[in-house]
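Peer 1: Structure below; questions to follow.
The values are calculated or read from the model by the stated rules, or taken from the named source; none is laboratory data. It should be emphasised that the depicted structure is a prediction, and the values quoted were computed from it without experimental measurement. Heads up, the Cβs are rebuilt from the backbone with ideal geometry, glycines too, and the neighbour counts pull from every protein chain shown. In case anyone asks, the SASA skips ligands and DNA or RNA and just uses the protein heavy atoms, side chains included. Shrake-Rupley method; radii C 1.70, N 1.55, O 1.52, S 1.80 Å.
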Amino acid sequence: MTEGTDTRRETTLGQAAETGPLRADGGPPVPIGVKIGSTRTVLVLPADDGGLQIIRTLTCLASYENPITGETKYAFGDDAAAEYPEKVQFPLRSGLPDAGEQTDRAQQFFDAVADSHDIPAHSVVVYATPASGDQSGQANLRSVIEESRIGDAGIERYPEGLCGSIPAFGDHLEAIDEVFLAVNLGSTSTEFAAYRRGEQLAPYRTGSVTGNEIDREIVNNVENESGSRVHIDINTAREYKEQYADFEAFEPVTETIQQPGGGRHDFTVSWSIMDPVEAYLDGVVSEFTEQFLPQLANNYRRVYRPAIQKQIVLTGGMACVPGLVDAFERRVSDRLDEEITAVAPKRADLAATVGAYRIADRLAH
Ligand SMILES: Nc1ncnc2c1ncn2[C@@H]1O[C@H](COP(=O)(O)OP(=O)(O)OP(=O)(O)O)[C@@H](O)[C@H]1O
Ligand SMILES: [Mg+2]
(Lines give C-alpha, C1' and ligand atoms only; values in the text may rest on other atoms or scores of the structure.)
(Ligands and ions follow the chains in the order given, each with its own letter.)
Protein backbone atom coordinates (compact mmCIF):
# COMPACT_ATOMS: atom_id res chain seq x y z
CA MET A 1 0.00 0.00 0.00
CA THR A 2 1.40 3.34 -0.91
CA GLU A 3 0.93 5.04 2.37
CA GLY A 4 4.08 7.08 2.24
CA THR A 5 2.39 10.41 1.81
CA ASP A 6 -0.06 10.00 4.67
CA THR A 7 0.96 11.11 8.10
CA ARG A 8 -1.01 8.83 10.34
CA ARG A 9 -1.87 8.71 13.93
CA GLU A 10 -3.78 5.79 15.25
CA THR A 11 -5.98 6.15 18.25
CA THR A 12 -8.28 3.71 19.92
CA LEU A 13 -11.39 4.46 21.90
CA GLY A 14 -10.39 5.87 25.25
CA GLN A 15 -7.13 7.41 24.07
CA ALA A 16 -7.31 11.05 23.14
CA ALA A 17 -5.95 12.04 19.76
CA GLU A 18 -2.96 14.36 19.89
CA THR A 19 -4.83 16.84 17.79
CA GLY A 20 -8.51 16.78 16.97
CA PRO A 21 -10.07 16.17 13.60
CA LEU A 22 -10.58 19.09 11.26
CA ARG A 23 -13.36 21.43 12.24
CA ALA A 24 -15.62 22.47 9.46
CA ASP A 25 -17.80 25.14 10.93
CA GLY A 26 -19.68 26.36 7.92
CA GLY A 27 -16.96 25.12 5.56
CA PRO A 28 -17.12 22.21 3.14
CA PRO A 29 -18.10 18.85 4.61
CA VAL A 30 -15.32 16.72 6.06
CA PRO A 31 -14.78 13.40 4.24
CA ILE A 32 -14.95 10.39 6.55
CA GLY A 33 -14.30 6.73 5.77
CA VAL A 34 -16.05 4.23 8.03
CA LYS A 35 -16.00 0.51 8.44
CA ILE A 36 -18.07 -1.04 11.18
CA GLY A 37 -16.66 -4.55 11.09
CA SER A 38 -17.66 -7.51 13.17
CA THR A 39 -14.33 -7.45 15.01
CA ARG A 40 -13.12 -3.87 14.62
CA THR A 41 -14.47 -0.50 13.64
CA VAL A 42 -12.20 1.89 11.80
CA LEU A 43 -12.76 5.55 10.97
CA VAL A 44 -10.44 7.63 8.79
CA LEU A 45 -10.66 11.40 8.48
CA PRO A 46 -8.35 14.34 7.87
CA ALA A 47 -6.17 15.42 10.78
CA ASP A 48 -5.22 19.02 11.51
CA ASP A 49 -1.63 18.42 10.47
CA GLY A 50 -2.61 17.52 6.90
CA GLY A 51 -2.29 13.77 7.43
CA LEU A 52 -4.97 11.28 8.33
CA GLN A 53 -6.48 10.50 11.67
CA ILE A 54 -7.17 6.79 12.04
CA ILE A 55 -9.46 5.56 14.79
CA ARG A 56 -9.40 1.80 15.26
CA THR A 57 -11.26 0.04 18.01
CA LEU A 58 -12.87 -3.31 18.79
CA THR A 59 -16.59 -3.32 17.89
CA CYS A 60 -17.73 -4.19 21.39
CA LEU A 61 -19.33 -2.92 24.54
CA ALA A 62 -19.99 -4.08 28.07
CA SER A 63 -22.69 -2.94 30.46
CA TYR A 64 -22.05 -2.34 34.14
CA GLU A 65 -23.96 -0.82 36.98
CA ASN A 66 -23.00 2.36 38.72
CA PRO A 67 -22.84 1.10 42.33
CA ILE A 68 -24.06 4.39 43.75
CA THR A 69 -26.94 5.32 41.47
CA GLY A 70 -27.77 1.84 40.19
CA GLU A 71 -27.76 3.24 36.68
CA THR A 72 -26.73 0.98 33.78
CA LYS A 73 -23.61 2.29 32.07
CA TYR A 74 -21.49 1.07 29.16
CA ALA A 75 -17.81 0.70 28.41
CA PHE A 76 -16.83 0.56 24.75
CA GLY A 77 -14.15 -0.76 22.47
CA ASP A 78 -10.72 -1.96 23.58
CA ASP A 79 -11.38 -0.80 27.15
CA ALA A 80 -14.54 -2.90 27.37
CA ALA A 81 -12.74 -6.00 26.06
CA ALA A 82 -9.86 -5.55 28.51
CA GLU A 83 -11.93 -4.67 31.59
CA TYR A 84 -14.96 -6.94 31.12
CA PRO A 85 -13.63 -10.03 29.31
CA GLU A 86 -16.37 -12.20 30.83
CA LYS A 87 -19.28 -10.21 29.50
CA VAL A 88 -18.13 -8.04 26.65
CA GLN A 89 -20.55 -8.18 23.68
CA PHE A 90 -19.67 -7.87 20.02
CA PRO A 91 -23.03 -6.82 18.52
CA LEU A 92 -21.89 -7.67 14.98
CA ARG A 93 -20.22 -10.91 16.02
CA SER A 94 -22.21 -12.87 13.46
CA GLY A 95 -22.02 -10.28 10.66
CA LEU A 96 -24.60 -7.64 9.77
CA PRO A 97 -26.90 -6.69 12.66
CA ASP A 98 -30.40 -8.09 12.91
CA ALA A 99 -33.20 -5.70 13.82
CA GLY A 100 -33.58 -5.17 17.53
CA GLU A 101 -30.87 -5.57 20.09
CA GLN A 102 -27.89 -6.01 17.76
CA THR A 103 -28.73 -2.83 15.89
CA ASP A 104 -29.40 -0.92 19.14
CA ARG A 105 -26.09 -2.02 20.62
CA ALA A 106 -24.22 -1.22 17.40
CA GLN A 107 -25.84 2.22 17.47
CA GLN A 108 -24.81 2.86 21.07
CA PHE A 109 -21.30 1.73 20.25
CA PHE A 110 -20.98 3.84 17.10
CA ASP A 111 -22.40 6.96 18.77
CA ALA A 112 -19.87 6.53 21.58
CA VAL A 113 -17.00 6.31 19.09
CA ALA A 114 -18.20 9.38 17.20
CA ASP A 115 -18.69 11.37 20.41
CA SER A 116 -15.48 10.42 22.15
CA HIS A 117 -13.46 11.48 19.11
CA ASP A 118 -15.52 14.54 18.35
CA ILE A 119 -16.19 13.45 14.78
CA PRO A 120 -17.68 16.36 12.81
CA ALA A 121 -21.38 16.16 11.99
CA HIS A 122 -20.87 18.23 8.84
CA SER A 123 -19.38 15.40 6.86
CA VAL A 124 -19.67 13.09 3.88
CA VAL A 125 -19.48 9.51 5.09
CA VAL A 126 -18.53 6.59 2.86
CA TYR A 127 -18.80 3.25 4.58
CA ALA A 128 -17.57 -0.13 3.44
CA THR A 129 -19.99 -3.04 3.59
CA PRO A 130 -19.74 -6.79 3.21
CA ALA A 131 -20.94 -8.27 -0.09
CA SER A 132 -23.93 -9.75 1.67
CA GLY A 133 -27.35 -10.07 0.10
CA ASP A 134 -28.93 -9.77 3.54
CA GLN A 135 -31.00 -6.69 2.69
CA SER A 136 -32.41 -6.12 6.13
CA GLY A 137 -28.94 -6.47 7.68
CA GLN A 138 -27.63 -3.91 5.18
CA ALA A 139 -30.52 -1.58 6.04
CA ASN A 140 -29.85 -2.00 9.76
CA LEU A 141 -26.17 -1.18 9.30
CA ARG A 142 -27.10 1.85 7.24
CA SER A 143 -29.50 3.03 9.92
CA VAL A 144 -26.67 2.94 12.49
CA ILE A 145 -24.81 5.55 10.43
CA GLU A 146 -27.92 7.49 9.43
CA GLU A 147 -29.10 7.75 13.02
CA SER A 148 -25.70 8.89 14.21
CA ARG A 149 -24.94 12.57 14.14
CA ILE A 150 -22.27 12.32 11.42
CA GLY A 151 -22.77 12.34 7.65
CA ASP A 152 -25.16 15.29 7.40
CA ALA A 153 -23.82 16.09 3.89
CA GLY A 154 -24.25 12.58 2.53
CA ILE A 155 -23.83 8.88 3.24
CA GLU A 156 -22.76 6.36 0.60
CA ARG A 157 -21.73 2.74 0.73
CA TYR A 158 -19.28 0.76 -1.36
CA PRO A 159 -18.20 -2.89 -1.22
CA GLU A 160 -15.52 -3.61 1.34
CA GLY A 161 -13.45 -5.61 -1.17
CA LEU A 162 -13.34 -2.67 -3.57
CA CYS A 163 -12.57 -0.12 -0.85
CA GLY A 164 -9.84 -2.38 0.57
CA SER A 165 -8.21 -2.73 -2.85
CA ILE A 166 -7.95 1.02 -3.45
CA PRO A 167 -4.78 1.58 -1.37
CA ALA A 168 -3.12 -1.41 -3.06
CA PHE A 169 -3.12 0.37 -6.44
CA GLY A 170 -1.75 3.81 -5.61
CA ASP A 171 -2.27 7.00 -3.67
CA HIS A 172 -5.56 7.94 -5.28
CA LEU A 173 -8.51 6.04 -6.78
CA GLU A 174 -6.57 4.14 -9.47
CA ALA A 175 -8.36 0.90 -8.57
CA ILE A 176 -11.62 2.32 -9.91
CA ASP A 177 -10.12 2.28 -13.44
CA GLU A 178 -8.86 -1.31 -13.24
CA VAL A 179 -10.18 -4.81 -13.85
CA PHE A 180 -8.96 -7.16 -11.11
CA LEU A 181 -9.83 -9.90 -8.64
CA ALA A 182 -9.99 -9.32 -4.90
CA VAL A 183 -10.33 -11.57 -1.88
CA ASN A 184 -11.49 -10.03 1.39
CA LEU A 185 -10.35 -12.08 4.39
CA GLY A 186 -12.62 -11.13 7.30
CA SER A 187 -13.80 -12.38 10.68
CA THR A 188 -17.13 -13.92 9.75
CA SER A 189 -16.71 -14.48 6.04
CA THR A 190 -14.38 -14.60 3.08
CA GLU A 191 -15.48 -12.66 0.02
CA PHE A 192 -14.33 -13.07 -3.56
CA ALA A 193 -15.23 -10.80 -6.47
CA ALA A 194 -14.00 -9.35 -9.71
CA TYR A 195 -14.07 -5.59 -10.09
CA ARG A 196 -14.47 -4.04 -13.51
CA ARG A 197 -13.83 -0.31 -13.25
CA GLY A 198 -15.58 -0.19 -9.92
CA GLU A 199 -18.40 -2.57 -10.81
CA GLN A 200 -18.54 -5.72 -8.71
CA LEU A 201 -18.89 -8.94 -10.72
CA ALA A 202 -19.57 -12.53 -9.64
CA PRO A 203 -19.36 -11.87 -5.89
CA TYR A 204 -19.01 -15.08 -3.91
CA ARG A 205 -19.10 -15.11 -0.16
CA THR A 206 -18.59 -17.99 2.22
CA GLY A 207 -18.82 -18.40 5.98
CA SER A 208 -17.00 -21.72 5.85
CA VAL A 209 -13.47 -20.26 6.15
CA THR A 210 -13.19 -17.39 8.60
CA GLY A 211 -10.87 -15.61 11.00
CA ASN A 212 -13.34 -16.33 13.82
CA GLU A 213 -13.16 -20.08 13.20
CA ILE A 214 -9.38 -19.97 13.69
CA ASP A 215 -9.90 -18.28 17.07
CA ARG A 216 -12.34 -21.01 18.17
CA GLU A 217 -9.87 -23.70 17.12
CA ILE A 218 -7.03 -22.00 18.96
CA VAL A 219 -9.11 -22.11 22.18
CA ASN A 220 -9.55 -25.89 21.81
CA ASN A 221 -5.99 -26.51 20.67
CA VAL A 222 -4.43 -24.66 23.60
CA GLU A 223 -6.51 -26.77 25.93
CA ASN A 224 -5.29 -29.95 24.22
CA GLU A 225 -1.70 -28.88 23.80
CA SER A 226 -1.44 -27.93 27.47
CA GLY A 227 -3.01 -31.19 28.65
CA SER A 228 -6.07 -29.25 29.92
CA ARG A 229 -3.96 -27.05 32.18
CA VAL A 230 -4.55 -23.84 30.23
CA HIS A 231 -7.89 -22.37 29.16
CA ILE A 232 -7.95 -19.18 27.15
CA ASP A 233 -10.96 -17.18 26.09
CA ILE A 234 -11.83 -16.36 22.50
CA ASN A 235 -10.42 -12.82 22.64
CA THR A 236 -7.10 -14.09 23.92
CA ALA A 237 -7.09 -16.65 21.11
CA ARG A 238 -7.68 -13.85 18.60
CA GLU A 239 -4.80 -11.88 20.11
CA TYR A 240 -2.50 -14.92 19.83
CA LYS A 241 -3.42 -15.27 16.18
CA GLU A 242 -2.95 -11.57 15.45
CA GLN A 243 0.34 -11.37 17.31
CA TYR A 244 2.03 -14.65 16.47
CA ALA A 245 0.61 -16.25 13.32
CA ASP A 246 3.31 -16.19 10.66
CA PHE A 247 3.69 -18.39 7.58
CA GLU A 248 7.42 -17.87 7.42
CA ALA A 249 8.84 -17.32 10.87
CA PHE A 250 6.43 -18.74 13.44
CA GLU A 251 8.09 -19.35 16.81
CA PRO A 252 6.48 -21.35 19.62
CA VAL A 253 4.98 -19.00 22.19
CA THR A 254 5.79 -19.38 25.88
CA GLU A 255 3.53 -17.71 28.41
CA THR A 256 3.88 -17.51 32.17
CA ILE A 257 0.86 -17.87 34.40
CA GLN A 258 1.19 -16.20 37.79
CA GLN A 259 -0.53 -18.21 40.51
CA PRO A 260 -2.15 -16.46 43.44
CA GLY A 261 0.32 -16.82 46.31
CA GLY A 262 3.39 -16.33 44.15
CA GLY A 263 3.72 -19.61 42.25
CA ARG A 264 4.07 -19.52 38.50
CA HIS A 265 4.18 -21.92 35.64
CA ASP A 266 5.08 -21.66 32.01
CA PHE A 267 3.26 -23.16 29.08
CA THR A 268 4.32 -23.27 25.47
CA VAL A 269 2.04 -23.23 22.49
CA SER A 270 3.60 -24.66 19.36
CA TRP A 271 1.10 -26.18 16.92
CA SER A 272 -2.07 -24.64 18.38
CA ILE A 273 -1.86 -21.43 16.40
CA MET A 274 -0.47 -22.33 12.98
CA ASP A 275 -2.40 -25.58 12.43
CA PRO A 276 -5.72 -23.76 12.09
CA VAL A 277 -4.11 -20.85 10.22
CA GLU A 278 -2.62 -23.27 7.67
CA ALA A 279 -5.97 -25.06 7.31
CA TYR A 280 -7.65 -21.68 6.92
CA LEU A 281 -5.44 -20.69 4.00
CA ASP A 282 -6.00 -24.07 2.35
CA GLY A 283 -9.73 -23.43 2.73
CA VAL A 284 -9.44 -19.97 1.17
CA VAL A 285 -7.44 -21.41 -1.74
CA SER A 286 -10.02 -24.18 -2.30
CA GLU A 287 -12.92 -21.74 -2.29
CA PHE A 288 -11.04 -19.46 -4.66
CA THR A 289 -10.02 -22.12 -7.17
CA GLU A 290 -13.00 -24.48 -6.93
CA GLN A 291 -15.92 -22.12 -6.38
CA PHE A 292 -15.18 -18.54 -7.28
CA LEU A 293 -12.98 -18.90 -10.35
CA PRO A 294 -15.20 -21.45 -12.12
CA GLN A 295 -18.26 -19.24 -11.53
CA LEU A 296 -16.42 -16.21 -12.79
CA ALA A 297 -15.11 -18.06 -15.85
CA ASN A 298 -18.61 -19.32 -16.63
CA ASN A 299 -20.32 -15.98 -16.38
CA TYR A 300 -17.61 -13.57 -17.47
CA ARG A 301 -15.17 -15.53 -19.61
CA ARG A 302 -13.70 -12.39 -21.15
CA VAL A 303 -13.08 -10.81 -17.76
CA TYR A 304 -11.60 -13.96 -16.26
CA ARG A 305 -8.56 -14.29 -18.57
CA PRO A 306 -7.09 -10.81 -18.24
CA ALA A 307 -8.01 -10.57 -14.55
CA ILE A 308 -6.29 -13.81 -13.51
CA GLN A 309 -3.09 -12.53 -15.10
CA LYS A 310 -3.08 -9.43 -12.91
CA GLN A 311 -2.20 -9.21 -9.25
CA ILE A 312 -4.95 -10.59 -7.06
CA VAL A 313 -5.61 -8.20 -4.18
CA LEU A 314 -5.92 -9.71 -0.70
CA THR A 315 -7.64 -7.41 1.77
CA GLY A 316 -9.16 -7.67 5.24
CA GLY A 317 -7.56 -8.25 8.61
CA MET A 318 -6.44 -11.81 7.93
CA ALA A 319 -4.29 -10.55 5.02
CA CYS A 320 -2.04 -9.04 7.72
CA VAL A 321 -0.65 -12.46 8.68
CA PRO A 322 3.01 -12.32 7.61
CA GLY A 323 3.78 -14.54 4.64
CA LEU A 324 0.11 -15.17 3.82
CA VAL A 325 0.28 -13.39 0.45
CA ASP A 326 3.25 -15.47 -0.75
CA ALA A 327 1.72 -18.68 0.56
CA PHE A 328 -1.55 -17.83 -1.24
CA GLU A 329 0.38 -17.23 -4.48
CA ARG A 330 2.20 -20.56 -4.22
CA ARG A 331 -0.84 -22.61 -3.30
CA VAL A 332 -3.10 -21.11 -5.95
CA SER A 333 -0.38 -21.42 -8.61
CA ASP A 334 0.04 -25.10 -7.72
CA ARG A 335 -3.69 -25.75 -7.90
CA LEU A 336 -4.16 -23.94 -11.21
CA ASP A 337 -0.87 -25.10 -12.66
CA GLU A 338 -0.35 -21.52 -13.74
CA GLU A 339 1.66 -18.75 -12.06
CA ILE A 340 -0.55 -16.19 -10.40
CA THR A 341 0.56 -13.21 -8.32
CA ALA A 342 -1.05 -11.56 -5.32
CA VAL A 343 -0.60 -8.38 -3.34
CA ALA A 344 -1.97 -6.91 -0.12
CA PRO A 345 -2.18 -3.26 0.87
CA LYS A 346 0.32 -2.46 3.61
CA ARG A 347 -2.24 -2.30 6.42
CA ALA A 348 -4.83 -4.68 5.03
CA ASP A 349 -6.93 -4.32 8.20
CA LEU A 350 -7.28 -0.55 7.66
CA ALA A 351 -7.35 -0.55 3.87
CA ALA A 352 -11.13 -0.73 3.40
CA THR A 353 -11.60 2.38 5.52
CA VAL A 354 -8.74 4.24 3.86
CA GLY A 355 -10.31 3.42 0.47
CA ALA A 356 -13.73 4.54 1.71
CA TYR A 357 -12.14 7.78 2.94
CA ARG A 358 -10.62 8.45 -0.50
CA ILE A 359 -14.03 7.99 -2.13
CA ALA A 360 -15.58 10.33 0.47
CA ASP A 361 -12.85 12.86 -0.25
CA ARG A 362 -13.72 12.72 -3.95
CA LEU A 363 -17.45 13.10 -3.23
CA ALA A 364 -16.90 15.97 -0.81
CA HIS A 365 -15.10 18.13 -3.38
N1 LIG B 1 -2.58 -8.09 12.34
C2 LIG B 1 -3.39 -9.13 12.19
N3 LIG B 1 -2.88 -10.36 12.05
C4 LIG B 1 -3.70 -11.42 11.90
N5 LIG B 1 -5.04 -11.36 11.87
C6 LIG B 1 -5.58 -10.16 11.99
C7 LIG B 1 -4.80 -8.98 12.15
N8 LIG B 1 -5.63 -7.93 12.25
C9 LIG B 1 -6.88 -8.42 12.17
N10 LIG B 1 -6.85 -9.77 12.02
C11 LIG B 1 -7.99 -10.68 11.90
O12 LIG B 1 -8.74 -10.32 10.76
C13 LIG B 1 -10.13 -10.53 11.03
C14 LIG B 1 -10.86 -9.24 10.89
O15 LIG B 1 -10.73 -8.79 9.58
P16 LIG B 1 -11.67 -7.60 9.07
O17 LIG B 1 -11.52 -6.45 9.98
O18 LIG B 1 -11.38 -7.44 7.64
O19 LIG B 1 -13.07 -8.31 9.31
P20 LIG B 1 -14.54 -7.78 9.36
O21 LIG B 1 -14.77 -6.93 8.17
O22 LIG B 1 -14.84 -7.21 10.68
O23 LIG B 1 -15.30 -9.14 9.24
P24 LIG B 1 -16.53 -9.59 8.34
O25 LIG B 1 -16.44 -8.82 7.06
O26 LIG B 1 -16.32 -11.05 8.18
O27 LIG B 1 -17.73 -9.27 9.14
C28 LIG B 1 -10.23 -11.05 12.46
O29 LIG B 1 -10.27 -12.47 12.44
C30 LIG B 1 -8.95 -10.53 13.06
O31 LIG B 1 -8.53 -11.29 14.17
MG1 LIG C 1 -15.39 -7.52 6.36
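Peer 1: Listed highest first by mean packing, meaning other Cβ atoms within 10 Å per residue, what order do 66-75, 39-48 come in?
Peer 2: Top to bottom by mean Cβ count within 10 Å: 39-48, 66-75.
Peer 1: Another question, if that's okay. Once fully extended, how much extra length lies between R362 and S63, figured as 0.36 nm per residue of separation less the alpha-carbon to alpha-carbon distance?
Peer 2: 103.8 nm
Peer 1: Order of 262-268, 291-297 by packing, highest average Cβ count within 10 Å first?
Peer 2: Ranked from most to least packed, the peptides come out as 291-297, 262-268.
Peer 1: Pull up the DSSP beta bridges for the chain and report the antiparallel fraction as a percent, rounded to 5.
Peer 2: Just about 65 percent of them are antiparallel.
Peer 1: With a 1.4 Å probe and every protein chain kept in, tell me what percent of the accessible surface of segment 193-287 is carbon plus sulfur.
Peer 2: Accessible surface attributable to carbon and sulfur in segment 193-287 totals 43 percent.
Peer 1: Over the Cα atoms, compute the radius of gyration (one decimal) and Dmax (the largest Cα-Cα distance, rounded to a whole number) for segment 211-275, in Å.
Peer 2: My reading of the Cα-based Rg and Dmax gives 11.9, 40 Å.
Peer 1: Then there is this: Take each of the peptides 101-108, 309-316, 178-185, average the number of other beta-carbon atoms within 10 Å over its residues, and list them starting from the highest.
Peer 2: 178-185, 309-316, 101-108
Peer 1: Solvent-accessible area per residue for the chain at a 1.4 Å probe radius, Å²?
Peer 2: 44
Peer 1: Continuing with this model, one more query. Given the -39500 (n - 2.57) contribution per DSSP H run of 4+ residues, what per-residue ellipticity at 222 nm results for the chain, rounded to the nearest 500 deg cm²/dmol?
Peer 2: It lands at -11500 deg cm²/dmol.
Peer 1: So what's the chain giving for Cα Rg divided by 2.2 N^0.38 Å, two decimals?
Peer 2: 1.01
Peer 1: I'm checking a number: the convex hull volume of the Cα atoms of segment 44-150, normalised per residue, in Å³. What is it?
Peer 2: Per-residue hull volume (Cα only) is 134 Å³.
Peer 1: Right, next: Step through the residues of segment 349-365 one at a time and calculate ³J(HN,Hα) from phi using the Karplus curve (6.51 cos²θ - 1.76 cosθ + 1.60, θ = phi - 60°), rounding each to whole Hz and writing x for Gly and Pro.
Peer 2: 6, 9, 4, 4, 6, 5, x, 4, 4, 5, 5, 4, 4, 5, 5, 6, 10
Peer 1: Right, another one. What number, in percent, do you get for the relative contact order of the chain if the mean sequence gap of Cα pairs under 8 Å and at least 6 apart is divided by its residue count?
Peer 2: The normalised contact order for the chain reaches 19 percent.
Peer 1: So who's got an amide H within less than 5 Å of the one on Q53, skipping anything under 5 residues away but keeping other chains? H placed 1.01 Å off N, in plane.
Peer 2: Those qualifying (amide H under 5 Å, at least 5 residues apart or on another chain) are L45, A47.
Peer 1: What is the gain in length, in nm to one decimal, between A249 and R264 on full extension, counting 0.36 nm per residue of separation less the C-alpha to C-alpha distance?
Peer 2: 2.6 nm
Peer 1: Counting only residues 5 or more places away or on other chains, whose amide H sits under 5 Å from the amide H of C60 once H atoms are built in the peptide plane?
Peer 2: Amide H to amide H, under 5 Å and 5 or more residues apart or across chains, C60 pairs with G77.
Peer 1: Right, another one. In whole angstrom, how far apart do the alpha carbon centroids of segment 246-290 and segment 164-185 sit?
Peer 2: 31
Peer 1: A further question follows. What aspartates and glutamates does K73 reach when the alpha-carbon gap must be under 18 Å and sequence neighbours fewer than 8 apart in one chain are set aside?
Peer 2: Once the sequence-local aspartates and glutamates are set aside, what remains near K73 is E65, E83, E86, E101, D104, D111, D115.
Peer 1: Now for a different question. Would you mind calculating the relative contact order of segment 211-275 from Cα pairs under 8 angstrom and at least 6 residues apart, reporting the percent as a whole number?
Peer 2: The value is 33 percent.
Peer 1: Before anything else, pin down the relative contact order of segment 160-216: Cα pairs under 8 Å, at least 6 apart, normalised by residue count, whole percent.
Peer 2: 28
Peer 1: Just how much of R229 is accessible, in Å², when a 1.4 Å probe is used and the result is rounded to the nearest 10?
Peer 2: 140
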